1. Using unit Cβ charges (K, R positive; D, E negative) and no other charged atoms, how large, in debye to the nearest 20, is the dipole of the chain about its Cα centre?
2. Could you tally up the Lys pairs in the stretch 1-147 with alpha carbons closer than 18 Å? Skip any pair fewer than 8 positions apart unless they're on separate chains.
3. With Cβ to Cβ distances under 11 Å as the rule, what net charge do the other residues near MET162 carry (K, R +1; D, E -1)?
4. What does the highest-first list of 179-185, 128-134 look like by mean Cβ count within 10 Å?
5. Using the Karplus curve 6.51 cos²θ - 1.76 cosθ + 1.60 with θ = phi - 60°, work out ³J(HN,Hα) for each residue of the stretch 138-145 in order, rounded to whole Hz, and write x for Gly and Pro.
6. Please list, in order along the stretch 75-84, the HN-Hα scalar couplings obtained from phi with the Karplus expression 6.51 cos²θ - 1.76 cosθ + 1.60 (θ = phi - 60°), rounded to whole Hz, x for Gly and Pro.
7. Using a Gaussian network model of the chain whose springs link C-alpha atoms within less than 10 Å, name the residue from VAL189, VAL165, VAL104 with the highest mean-square fluctuation.
Amino acid sequence: MKKGTMKDNPTDNASARLLSAVSSIAQERRHDIDEKKHPERWDQSNFIWEALLISMATMGNSRGKALVREEHHHKLITWEALKALGSSQERLTRLDETLRDAKVRMAAKKALWLAENFLRIEDQGGPDAVKCELQNCEGRGGKIAFLKTFKGIGKKYARNMMMDVYHRDFHDSIAIDARIKKVSETLGVTFQEYADEERFYLQVAHDAD
């Protein structure tokens, strides 16, 4: 290195490497990207409960998506089906058994989370009332903060829930998961905060159009 020059920033180098890889496939995969946009799901009945079910189904292992994809599982744990049960214990038992049958990872813990979330939503007036409260939260940050107050929901799934329905406040969001962290590891970059890693990938995405 010549005297007086600064050492290259590792993050800049990683960004350039990733941009090169992403740019080569961005256009050919654009159709696949567009197919993942489902804004109509925002208007579905009992949105908040269904979003929590999807989150618990796929958290840690995507094989659990059978919980919401296969009707013989899903019909047992819809809001209406659980509401019809006589007690909180019956709901917890139904959730635990159904999650186990659908091969959801950490079924017992997630059943408890869902049972607690059910009671909270019920106490707050039901799914439509909670969705209205979510909708009234200010911007992306307010909605993320609100969703993180539900049992089992952290930074990643607070984004996932809204990205899945292509909500306008979340068009520029990335849910950092284990696969993305492996990319960061391969690139040799580390981040102190979730937001820093998200900004890094968003910048590459914007640069790749």
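Only the coordinates and a few stated rules stand behind these numbers; no lab work does. All values reported here derive from a predicted model rather than from experimental measurement. Here Cβ is always computed from backbone atoms with ideal geometry, including for glycine, and neighbour counts include all displayed protein chains.
1. Once rounded to the nearest 20, the dipole reads 720 debye.
2. Taking the Cα cut-off of 18 Å, the pair count is 11.
3. So the environment of MET162 carries a net charge of +3.
4. Details: 179-185: 12.3, 128-134: 15.7.
Descending mean neighbour count gives 128-134, 179-185.
5. 3J(HN,Hα) across the stretch 138-145, in whole Hz: 6, x, 5, x, x, 5, 4, 4.
6. 4, 7, 10, 5, 4, 5, 5, 6, 4, 6
7. Answer for the Gaussian network model of the chain: VAL189.
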